[in-house]
1. One residue is enough: does region 261-277 have a residue meeting the conditions within 27 Å of Ala20 (Cβ to Cβ) and either buried (at least 19 other Cβ atoms within 10 Å of the Cβ) or of a type in the set (S, T, N, Q) (or both)?
2. Which of the residues belonging to region 315-343 are in a strand (DSSP E or B) and buried (at least 19 other Cβ atoms within 10 Å of the Cβ)?
3. Is there any pair linking a residue in region 152-167 that is assigned to a loop (DSSP other than H, G, I, E, B) to one that is of a type in the set (Asp, Glu), with Cβ under 9 Å and at least six apart or on different chains, and which?
4. May I ask you to say which residue of Leu54, Leu67, Leu47, Leu116 is assigned by TED's automatic domain parsing to the domain that holds Gly163, within 20 Å of Gly201 (Cα to Cα), part of a helix (DSSP H, G or I) and aliphatic (A, V, I, L, M)?
5. Exactly one of these conditions fails for Val196: (1) aliphatic (A, V, I, L, M); (2) part of a loop (DSSP other than H, G, I, E, B); (3) within 27 Å of Ser97 (Cβ to Cβ). Give me its number.
6. Among the residues of region 8-30, is any more than 20 Å from the chain's Cα centre (by Cα), modelled with pLDDT under 95 and assigned by TED's automatic domain parsing to the domain that holds Arg222?
7. Would you please list the contacts, defined by Cβ atoms under 6 Å and residues six or more apart or on different chains, that run from a residue in region 310-334 that is within 19 Å of Asn140 (Cβ to Cβ) and at pLDDT 95 or above to a residue that is assigned to a loop (DSSP other than H, G, I, E, B) and among the small types (Gly, Ala, Ser)?
8. Which numbered condition in (1) touching a helix residue (DSSP H, G or I) at 6+ places or on another chain (Cβ under 6 Å); (2) within 30 Å of Leu40 (Cβ to Cβ); (3) not in a helix (DSSP H, G or I) is the only one that Asn258 fails?
Amino acid sequence: MAIDLRSDTVTQPSAEMRKAMAMAPVGDDQYGEDPSVNLLQDRIAELLGKEAALFVPSGTMANQTALKTFTRPGDDVLVSTEAHILLHESGASGANSGVQFSVVGEGGLFTRTDFLAHCKPHGHMVMPPTTLVTIENTHNRGSGVVFPQEDIVAICREANAHGVHSLCDGARLFNASIASGLSLAELAAPFDVVTVALSKGLGCPVGSLVAGRSDDMQRAHRVRRMFGGAMRQAGILAAAGLYALDYNLARLADDHKNARLIAETLVQIRGVTIDLEKIQSNIVIFSLADGMPDAATVVTRAKIKGVLLNVFGLRRVRAVTHLNVSREDCMRAAEILADVIAS
């Protein structure tokens, strides 16, 4: 069987999770009558320290729902370099909400100074108003780096002073919490709205949530319907999330250790570049020097030998650890990759 490091979305629900899903009490979620969905929404809201949460099918829908709830067509949104909402959502932000992006910072991170340098005033004759700033934590294309909390606090405080809303794309916020030692509520506190994914590190087959103030979530509920995300007996899916919150959260630390193991093996290979300081969670992105095989070649050769990876650029490759790969799997994968690259 292949060692699948393409993403933490490739996990299979365990027998115990499947049993919880099969036994879930359900109702019509569109009427607010699904007890499992309601319980999941309440638990996530409590964990994030927010008034309410809304269950949606995917992380992209979560981000897009938040975006449309807090912006109008023609608005400017500040995002980090290579943000998921910028590069990995099929142009949905422009198509659905008619916003433009201003990219700030470097390596997926930015500061209060960066925010002030790019924030555009409301009511200007020429410039589009900046109405939302988004922070991705952990940052996917930034090698899973945890966004420094002191910068988050400073950016969100400045945003509030300028009448700008703040969004945390927290698809992997559970990883950020484990890596930083900060609670989910601490990480989420500075933001107006937070999205989290259940289908990544927590190993659920589907589902994300949007959380924030109750009145904002009421507006988001309509947006979810507009985007086709209204569900009926969705408690079968929500039950997976409830199970994962009980059993799959603390174990994320194992994924982080396994990612570190892979990174520390590969960084020793001549021509491979990895910023070990950024390997803080479950993502490893490495670059290949000129004269080395390119990313597509490495990924193809690794697949032949039983390791699955993702091309992340002409000379960039990504590996992601998760609950379906063991430490032994990761050691073996690192050895295979080292051989593939060196040869």
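The values are calculated or read from the model by the stated rules, or taken from the named source; none is laboratory data. Since the model is a prediction, treat every value here as computed from it, not as a measurement. All Cβ positions, even for glycine, are placed from backbone atoms using ideal geometry, and neighbour counts span all protein chains on display.
1. no
2. At the first step, the residues of region 315-343 found to be in a strand (DSSP E or B) are 316-320.
Answer for region 315-343, where residues must be in a strand (DSSP E or B) and buried (at least 19 other Cβ atoms within 10 Å of the Cβ): Val317, Arg318, Ala319, Val320.
3. Val164/Glu158
4. Numbers: Leu54 fails: part of a helix (DSSP H, G or I); Leu67 fails: within 20 Å of Gly201 (Cα to Cα); Leu116 fails: within 20 Å of Gly201 (Cα to Cα).
After ruling out the rest, the residue left standing is Leu47.
5. Checking Val196 against (1) aliphatic (A, V, I, L, M); (2) part of a loop (DSSP other than H, G, I, E, B); (3) within 27 Å of Ser97 (Cβ to Cβ), the one that fails is (2).
6. From region 8-30, those more than 20 Å from the chain's Cα centre (by Cα) are 14-30; that's our starting set.
Remaining after also requiring modelled with pLDDT under 95: 30.
Within this subset, residues satisfying the condition of being assigned by TED's automatic domain parsing to the domain that holds Arg222 are 30.
Yes.
7. Val320/Ser7; Leu323/Gly203
8. It is condition (3) that Asn258 fails.
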